[in-house]
DNA sequence: CAGATATTTTAGTTATAACTAAATTGCTGC
DNA sequence: GCAGCAATTTAGTTATAACTAAAATATCTG
């Protein structure tokens, strides 16, 4: 099997790189991942987890009310090696941190304006 | 020197990958690159060339009214090796082609609405 | 200088990614 | 069943990337 384009898209985003690093060697529950990331809502993390699953880069396992995620390293091919090299590189770590800090000033407000629909009451 | 984040962003985009491939081993004029790509305006190509230069992945050389671009392979580190492996992979090539075709149905219309300003006549 | 050619730049548009807050779903234990 | 926690989903927002068409810039040629 060759290289996955999904893997390239994944590693282009600091946020997704952060998730991948957390679940690279051992599975973690969604909430645990969220807590480890800070400054982003649970919902946002859940969305990224779904995207990563759908492109085959993560696998999920349900246990009780928790869901455990783990990287599918074999699906990433050479891109995986690249990631590992990155994480071992001290200089790189600084850069990644800086980029994440920038991203935190991204889409911010999204303040609610109208009333919320109730789906079940139609 | 370590890995450049810019390189990751570059290889995540099929369009920029295409440009990089064209100027990987030998320099090419902007127009030549544009003609080789098809289905995109010269302006769009020029913008991508600028972005790639600014992130240090290409170098430019002016000669008469032409501008020649060439990849700065040494700035890409391990990402460069990854790209080379991709281009040698037949399966990958099919995928890349498909993705470019999709991207061609991206931002399309941009039809003009108002009159254009004339900068020099103020 | 006028015209042709090569490229860049600008202004505006569309599509999309990433996000938030709130609602919803699913499981557990009382 | 209902309260409570974990996680997901939804609807709407903001920021941004990629693009087009037109205008501008620069260089060469007669």
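Since every read-out is calculated from the coordinates, none of them should be taken as a lab result. Keep in mind that what you see is a predicted model, and the values were worked out from it rather than measured. Virtual Cβ from ideal backbone geometry, glycine too; neighbours counted across all protein chains shown.
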Report task. Name the nearest-to-axis residue of chain B, judged by Cβ distance to the rotation axis taking chain B onto chain A, and quote that distance in whole Å. Result -> B:12, 2
Report task. Sort shortest first the distances from residue A:56 to its counterpart in every other copy, using label points 7 Å along the Cα-to-beta-carbon line, and give them in nm. Result -> 3.4
Report summary line: Using the Kirkwood formula on alpha carbons, the hydrodynamic radius of segment B:1-61 in angstrom works out to 11.9
Query raised in the report: Measuring from a point 7 Å out along Cα→Cβ, what nm distances, shortest first, does residue A:84 have to its partners in the other copies?
Result: 2.1
Report summary line: Working note, segment B:5-102: Cα radius of gyration (Å, one decimal) and Dmax (Å, whole number) are 12.9, 40
Query raised in the report: Given label points at 7 Å from Cα along Cα→Cβ, what nm distances, shortest first, separate residue A:39 from the same residue in every other copy?
Result: 4.0
Query - Relative contact order of segment A:5-102, pairs being alpha-carbon contacts under 8 Å that are 6 or more residues apart, as % - result: 29
